[in-house]
Amino acid sequence: MTQRWIAIPVLALGLVMAECGRRPPPPPPPAPSGPTAEELERMRQDSIARARARQDSIRAAEDARRSAEEARRMDIQRTRDRLLEMVFFDYDRFDIRPDQERGMQAKIAILRANPQLRLRFEGHADERGSTEYNLALGDRRANSVRQFLATYGIDAERFTTISYGEERPLVNASNEDAWARNRRVEVVITAGGDQLVPVAVP
Amino acid sequence: MRRQRLGAASALLLCAIAATLPAEAAAQDQIPGVRLGLLYQVGFRPGYALRLTGADPEAQTMATRIEAVLVRDLDNSDRFEQRRQLSPGLASEGTIDFALWKQLGVDWLLTGEVRSENDGFVVDLQLHDVLFGEPNKQVGRFAVPPSEARGFRMAVHTVADEIVRWIFAEPGMAASRIAFVRKGTDGNGEIYLVDSDGENLERVTSFGTITVSPAWSIDGTRLAYTSYKSGEPLLYELNLTTGREQQIAPQVGSNVWTPSYHPNGQEILFSVSRDDKSEILRYNIVDRCCLKVVSSTPRRDDMSPAISPDGSRMAFLSNRLNKPQIYVMPTDGGVADPVSPYDYREPGEFHAPDWSPVGDRIAFHGRMENSRGYQILLADASGRGLRLVQLTADGNNEDPSWAPDGRHLVFSGTRQEGTGLFVADTGTGRIRPLVTGLRTQVPDWSPSLAAPLRESLREPGH
């Protein structure tokens, strides 16, 4: 049994040696010195793809940054718009109308998030009444906005007021629509507007 | 007899005019419980004739010019009717044919001679009472500068006021000016002045901002007003003679408006608006002291003081009963009585009071809740809102201010005749345009500007 297992390698060696005794084999085909054209093309494509991907990811990051910035800018703009929304009043009245309270709540949220903000409230009246009474009425309206904010704990010292009476109409006409638009308080940012922190307000 | 006939005829005429007004407009513009002034105020106007002659051709030309201004002034006074027909028998020398003048409907005859003197002219004027056949009832000598000189018209206005004083023993209003605000399209306003006859329109300020509430000082040399030129509404006083302006700064903060001079010449009353109210304060601008609160209502506006000629009381605007109404109270403070109409069912609003310099009448403007236009109303100071006359019924009429004669009012209006300033005569109801084609506000009629002229220029009659 053991003899047979030994005989096989010996026989195999003999065969190999017999082979060596014959003519030398033909030179192998020259070994390739680099990648094939095919491979090169593929590599080129890969590299382009990789560069593209890298670029894309940079661009995507840039876009994301930009759109975040844009979103923030929009948020700031939206916040600013809500802050500067005019407050409208009924004829010969200076109390905050129920339909104006949502706008006032937005102002409160923005002012709380932005303690650096300083505002001026400019009171206006429609043309009816008298020139002089309308000056007082505009002043009442501007103060009414200031007082409303104060009752929500916003420091009234952050605000100044001025009345322009009926002298600066928003709409230059003598009808109910024009009058309704002209009975207003305008909001002007006097300080802190460039550091406005956006606030999501309803 | 004659007065009755005229009265009846005028009443008929006015009824006819009233009947032609559109019923709806009349109903809308009339304030309930208030009588329309035009329907019962009838004035008798005596006839007059005026003839001035010149000592030489130059003086004759001057006489014609003076006559033109005088005739217009006397017409504006609404006290006379001019009889234009001149009797050929009239001569400045010799006797006056009173019977003939009477036939011509002339009650008062004015004759005069103009002559050159120094750099100007002198007018010797005689007033003859035709009804009583009394020649030279009044005589006066007046100096008048050449017609191209600045003071020419005012000197002649002084003569016109003297004629009114001679005949009616009442002050005239020809020698006076009206301060007002002309509004630009940008909403800014500048103060302008115009003579009582609509001449000499002149701009006073060039601030390029909001300026309101010009108020004449008692002596007619200064104007107080509120200007926004510093950014805040503050009170200033301009000396019209020197052109010097100063801030009247009683240390009460900003929002100072509706100034009104006290007749004592020392103090000024005005309104200060702060927080939740407007108060009326009194301040001595000569000694710069003695600030005092005259009227203050929590959460309400007291403003637009208008002081009585004796200085003891003031009319003012207050919305203490919600709507702006006119009240009267002592200038030392005290109880306020309403003088504008108040109707619980149909609340009206009333603004801009002005106290007559003669007597106890208060003018203001207002409307009932559902009417569009504002109308001029007159109330008795002691009337408690019960005795009222409505002077206008057409268009929109605001901010009345009394003339020094206590009879005429200037107001800012938008009427059929246009937009601008109008003068209403409370005696006859006549309304004439003064300045039109401008957007005007808050006119204030000066006191008589004739007094200093008369003292310095008029010599005793011969």
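The values are calculated or read from the model by the stated rules, or taken from the named source; none is laboratory data. From a predicted model like this one, the values you see are computed outputs, not experimental measurements. Because the Cβ atoms are built from the backbone with ideal geometry, glycine has one as well, and the counts that use them run over all protein chains shown. Keep in mind that these areas ignore ligands, DNA and RNA; they rest on the heavy atoms of the full protein, side chains included. Shrake-Rupley method; radii C 1.70, N 1.55, O 1.52, S 1.80 Å.
General observations
- Residue, nearest to the other protein chains (Cβ to nearest Cβ), within the range B:202-221, restricted to residues that are hydrophobic (A, V, I, L, M, F, W, C) and either outside any strand (DSSP E or B) or surrounded by fewer than 21 Cβ atoms within 10 Å (Cβ to Cβ) (or both): B:210
- Of all the listed residues (B:160, B:224, B:149), the sole one being farther than 20 Å from residue B:419 by Cα and in a strand (DSSP E or B) is B:224.
- The residues in the range B:377-397 that are touching a helix residue (DSSP H, G or I) at 6+ places or on another chain (Cβ under 8 Å) and in a strand (DSSP E or B) can be counted, and the count is 3.
- Top-ranked residue of the range B:298-308 - restricted to ones that are surrounded by 15 or more Cβ atoms within 10 Å (Cβ to Cβ) and not in a strand (DSSP E or B), ranked as nearest to the other protein chains (Cβ to nearest Cβ): B:300
- Residues (touching a residue at least 40 places away in the same chain (Cβ under 8 Å) and not aromatic (Phe, Trp, Tyr)) located in the range B:252-269: B:258, B:259, B:260, B:262, B:263, B:264, B:265, B:268, B:269
- Unique match (being closer than 17 Å to residue A:164 by Cβ and part of a strand (DSSP E or B)) among B:278, B:230, B:254: B:278
- Residues of the range B:313-322 that are open to solvent by less than 50 Å² (accessible area, probe 1.4 Å), of a type outside the set (A, V, I, L, M) and more than 9 Å from chain A (Cβ to nearest Cβ): B:316, B:318.
Every residue, every condition in (1) surrounded by 23 or more Cβ atoms within 10 Å (Cβ to Cβ); (2) within 11 Å of another protein chain (Cβ to nearest Cβ); (3) within 33 Å of the chain's Cα centre (by Cα), yes or no:
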residue: A:125; (1), (2), (3): yes, no, no
residue: A:139; (1), (2), (3): yes, yes, no
residue: A:144; (1), (2), (3): no, yes, no
residue: A:151; (1), (2), (3): no, no, yes
residue: A:167; (1), (2), (3): yes, yes, no
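Matching residues to (1) within 23 Å of residue B:444 (Cα to Cα); (2) within 14 Å of chain A (Cβ to nearest Cβ); (3) touching a Ser or Thr at 6+ places or on another chain (Cβ under 9 Å):
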position	(1), (2), (3)
B:310	yes, no, no
B:324	yes, yes, yes
B:339	yes, no, yes
B:360	yes, no, yes
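- Any hit, the range A:180-191, residues being touching a helix residue (DSSP H, G or I) at 6+ places or on another chain (Cβ under 9 Å), within 13 Å of another protein chain (Cβ to nearest Cβ), open to solvent by less than 10 Å² (accessible area, probe 1.4 Å) and of a type in the set (Val, Ile, Thr): no
- Whichever residue in the range B:111-120 is open to solvent by less than 30 Å² (accessible area, probe 1.4 Å) and modelled with pLDDT under 95 and, among such residues, is farthest from residue B:172 (Cα to Cα): B:120
- Residue in the range B:270-292 that is within 14 Å of another protein chain (Cβ to nearest Cβ), in contact (Cβ under 8 Å) with a residue 12 or more places away in the chain and over 30 Å from residue A:150 (Cα atoms) present: no
- For the range B:176-201, residues that are outside any loop (DSSP other than H, G, I, E, B) and either more than 14 Å from chain A (Cβ to nearest Cβ) or under 21 Å from residue B:357 (Cα atoms) (or both) total 8.
- Restricting attention to the range B:172-188, the residues that are over 17 Å from residue B:204 (Cα atoms) and either surrounded by 21 or more Cβ atoms within 10 Å (Cβ to Cβ) or among the charged types (D, E, K, R) (or both) add up to 5.
- Residue count for the range A:91-143, restricted to those that are polar (S, T, N, Q) and under 12 Å from residue A:185 (Cβ atoms): 2
- Flag for residue B:235 being in contact (Cβ under 8 Å) with a residue 24 or more places away in the chain, more than 22 Å from the chain's Cα centre (by Cα) and either surrounded by 16 or more Cβ atoms within 10 Å (Cβ to Cβ) or under 30 Å from residue B:70 (Cα atoms) (or both): yes
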